[in-house]
Every structure is written in C-alpha cells, then in structure tokens.
Amino acid sequence: VRPGLSAVLPSAGSGQQSVTGVSAADDGNSYWRVRGRTAAVCERGRPVRCGQQIRLTHLGTGRNLHSHRFASPLSGNQEVSAFGEAGEGDYLDDWTVVCSGTYWARDGEVRFQHASTEVFLSVTGEQYGRPIHGQKEVHGMAASSQNNYWKVMEGIFMQPSEVFKAEQYHAEL
Amino acid sequence: VLSDEEKRKQYDAYGEEGLKDGHQSSHGDIFSHFFGDFGFMFGGNPRQQDRNIPRGSDIIVDLEVTLEEVYSGNFVEVVRNKPVARQAPGKRKCNCRQEMRTTQLGPGRFQMTQEVVCDECPNVKLVNEERTLEVEIEPGVRDGMEYPFIGEGEPHVDGEPGDLRFRIKVLKHPVFERRGDDLYTNVTISLVEALTGFEMDIAHLDGHKVHVARDKITKPGAKLWKKGEGLPNFDNNNIKGSLIITFDVEFPKEQLTNDQREGGCLKAPSRQRGCTDLSPE
C-alpha cells in the first residue's frame, strides 16, 4: 500500500485532507518528500538517522503528513491527515523514524512514530467507499504490530555528499 | 487551437528553456502542425494519428542548493527508482472506448446501442527499475529554474511516462544575500578603524579572499562596491555581478575610563574586533 493523498474527502473529524493508501504503483499522488523536522534545516543528501525526527511533505500539494487527537473515520484509530501550506505546518507534522541500526537504509523497514502523540503510522485494511472506492485508511495506532512497518519503493534518492561517505566508512570501522 | 495545445505541452514538459530550444516530443506532431491531418503515415508510425497519447504524471521535486553551489556550480547524483511498463506474456484490453452499434431489427427498423469496444494489446506489467541521474547545477542558476528529465516521471501503461523535473530552490546564506547577480554582505568595524582606516580580507563563497582597504573615514552604513565579486551571470558565466559591503561601526559598550580617554586605545592598532577590550598599551 502506498500512502497517497485523496483530494476529495475531507475527514469527518477535523476537516483536513485525508491521507489514504493505494495499491497501484503508478499513482503519481504517492510521492512524499523527507525533510527535517519543523523549523530545522536538513542538508541535501544527508542520511536520516534512526531516531531522527522528520517531516513528510506531499509532493503535489505541499502538505505535511500530520496527526492529532481526532478519531479516524473508518477504524476509530487516530486520524492521519495532510496539513500545512508549501511544506510549512506545525509541530504535529513531526514523526520519529524508528529503525534498528544507525541510519534509515533504503531497503530497510522502518516505522514512523508521531513525535507528539507517540502513535505509529499504520494501515490495517479498512477501505473507503465512494468517491475513493478501494482506497485504504491510513491512521495512527499506539500498539506495535506488523501493520506499522513501511518500506521505500519508488522514489528519487539524493546521494550522500562525498564528505559524508568518508565519515560513514570510519563509523563502520 | 492546435498550435496552442502543442506549445502548452512543450512548456509543461520542458519549461521555458524547452520552448526556446524548440524541443519536440515526437516527429509526427511537428509535421501535423504544419501540414494538417492528411491521414497518410510518415514512416508508418501509427502513433501520429492519435495526438492524445495518454501520459503519466510529471513529478516536480524541489532541489535545494547553497549559494556556494550557485557560485561554483555542482553535480548532484540522484538515484531514480521507478515502475516501468515491461512486456508480460499474454494479452490485455487497452484503448477501451464506447462505440455506437447499429443493428437491423427488420425492414426499415434499426436499433442503436452503445457498446464498449477494446483493442487487444500486448500485456504489460510494472517492474521497479533503478538508474542514476546526474543533475548539473549551473553557475548563476536562479530560484525556480527547472532541470527536466524526460520520461523519468510516472509511467502510464497505455502511453508515455511523464517527466521528472528538478526545481531549483536557493537556500538562504548566513553571510551573503543574493540580489540578482549581486551579493550583499555586512561587516562590522571598530570605532578606531572607522576613524583611521583598516585593511581586511573577506572570504568569498569559493574560499578566495576579497581584499578591502580603507584609509579614509568610514561612516556607519557606508557601502563599498567590489565589481566582479558577485555571482556569475547564468547566461554568460564570464560576467559577474558586484559584491556590496555595508559597514557597521561598533561603538564601545562601556564608558571610557580616564586612562583610555588619555589615548591608549586610539594609539594601538586594532582589527575588526575593535577596541572593545580597550586595554591601554
């Protein structure tokens, strides 16, 4: 399931734009940009550490992956929505990358834990009806389970700068 | 109407640069534009008949660049992992459309019905493929300029993939401010330097030093123009803008002691830090 942005359905809880899961690999609405947490600058190409806080900004709309204490429409878990303008929202856009090891490896599985409310980004299969039929609900859950794990698929990856590559070599020694 | 549509497609795909260079997405389009739709094939390419080839969406990514990169240029390596339509065994239905069928019920009586009619196409499946792209940050590049990579956007099973476009976003710099091809910076000098003159080196974006020397009085807010020490012009890298240095004068924080008033500070040479320590020599 790839998280995309459903433009049509404002959520019953908060009125913000919904984030839904789609299965198609060719959905252009599923690109999210990994950026530093709110008000921080993150250098281009710098690998993300496990435990680092980030924001996920939707490419088409400039809204950030966001969560707050509202119930999600289908499952009653915590709502995950899209918030902000041109990449700027608020501290509820911050998520911690949870993974084992030092850095978020491109082919590794990671979890996203909401920095403020500590729920994990999850999909458990509930599907919407019209007008976004078949799209799945993306929500936040407190419990750890296999539904919290995410992997990177398609994307555009910035290579680390030369300086960083040397540092990483030393760390592994 | 046709030519406007063509230009719009070019503009969408390639940005302003593409419009100037006259990039063409396919041979057939340009011929149709001039000669109209005669219905005969150029080189037997069936694509030309259908001008509305479905296209995957474009992906526009902000590429953040530092002012140092704008000054000296840089190459950014990017890995693109994308789903690609690859041939699979079997056939699939494609180009489905609604058509009107006329059936004869009897002499002089006809019935028209709508039918969904599909073509048969080779089956495709989406496979993830990866390749390395190199984005060149050209010296003098400006905010908003785009570097397109044709076909690296979203795929479309029935048509062409969209494009991947990198949109330049120049980050704020802690020391220099960019205005067009000019650079602005602020330098603080001591009161003594303001009155008696000074010499200093300012480190530029690529590390080279800009030498500044004054032997006259420098008032707070005074500006010094250094021609050729700005940013290279995007269209002609040999032309550079100017570096404009604005001087701010730092007054001592505490009142002068009697000894200092006698003249210890004014006689001693001092640098940018100025006479804040004000210890008589």
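The values are calculated or read from the model by the stated rules, or taken from the named source; none is laboratory data. Remember, predicted model here, so these are calculated numbers, not experimental data. All Cβ positions, even for glycine, are placed from backbone atoms using ideal geometry, and neighbour counts span all protein chains on display.
Would you confirm whether any residue within the stretch A:81-97 is in contact with a Pro (Cβ under 9 Å, 6 or more places away or on another chain), away from every other protein chain (no Cβ under 14 Å), exposed (fewer than 15 other Cβ atoms within 10 Å of the Cβ) and of a type in the set (Ser, Thr, Tyr)? No, because not a single residue in the stretch A:81-97 is in contact with a Pro (Cβ under 9 Å, 6 or more places away or on another chain), away from every other protein chain (no Cβ under 14 Å), exposed (fewer than 15 other Cβ atoms within 10 Å of the Cβ) and of a type in the set (Ser, Thr, Tyr). Each residue in the stretch B:55-82 was checked for being within 12 Å of the chain's Cα centre (by Cα) and in a strand (DSSP E or B), and 6 of them qualify. Can you say whether A:Thr102 is surrounded by 19 or more Cβ atoms within 10 Å (Cβ to Cβ) and of a type outside the set (Gly, Ala, Ser), as far as the supplied structure shows? Here the answer is no, as A:Thr102 does not meet what is asked. Going residue by residue through the stretch B:217-231, is there one that turns out to be surrounded by 14 or more Cβ atoms within 10 Å (Cβ to Cβ), under 30 Å from B:Cys96 (Cβ atoms) and at pLDDT below 95? So far as the stretch B:217-231 goes, no, none of its residues is surrounded by 14 or more Cβ atoms within 10 Å (Cβ to Cβ), under 30 Å from B:Cys96 (Cβ atoms) and at pLDDT below 95. Filtering A:Phe112, A:Phe70, A:Phe120 for residues that are surrounded by 16 or more Cβ atoms within 10 Å (Cβ to Cβ), more than 15 Å from the chain's Cα centre (by Cα) and at pLDDT 85 or above leaves a single hit, A:Phe70.
Taking the stretch A:143-155 as the range and being of a type in the set (Gly, Ala, Ser) and surrounded by 13 or more Cβ atoms within 10 Å (Cβ to Cβ) as the test, the residues that pass are A:Ser144, A:Gly155.
Only residues that are of a type in the set (D, E, K, R) and within 14 Å of another protein chain (Cβ to nearest Cβ) were counted in the stretch A:125-161, giving 2. The condition (being in contact (Cβ under 8 Å) with a residue 60 or more places away in the chain, among the hydroxyl-bearing types (Ser, Thr, Tyr) and touching a Leu at 6+ places or on another chain (Cβ under 8 Å)) is satisfied by just one residue among A:Ser116, A:Ser75, A:Ser67: A:Ser67. Just one residue in the set B:Gly180, B:Gly151, B:Gly140 is out of contact with any strand residue (DSSP E or B) (no Cβ under 8 Å at 6 or more places or on another chain) and at pLDDT 85 or above; that residue is B:Gly180.
Among the residues of the stretch B:118-150, those that are more than 12 Å from chain A (Cβ to nearest Cβ) and exposed (fewer than 13 other Cβ atoms within 10 Å of the Cβ) comprise B:Cys118, B:Asp119, B:Glu120, B:Pro122, B:Glu136, B:Asp143, B:Gly144.
Considering only residues in the stretch A:41-58 that are within 21 Å of A:Glu85 (Cβ to Cβ) and modelled with pLDDT of 85 or more, the one that is farthest from the other protein chains (Cβ to nearest Cβ) turns out to be A:Gln53.
Is it true that some residue in the stretch B:151-171 is over 16 Å from B:Glu69 (Cβ atoms), away from chain A (no Cβ under 14 Å), outside any loop (DSSP other than H, G, I, E, B) and under 27 Å from the mean Cα position of the chain (by Cα)? No, the stretch B:151-171 has no match at all.
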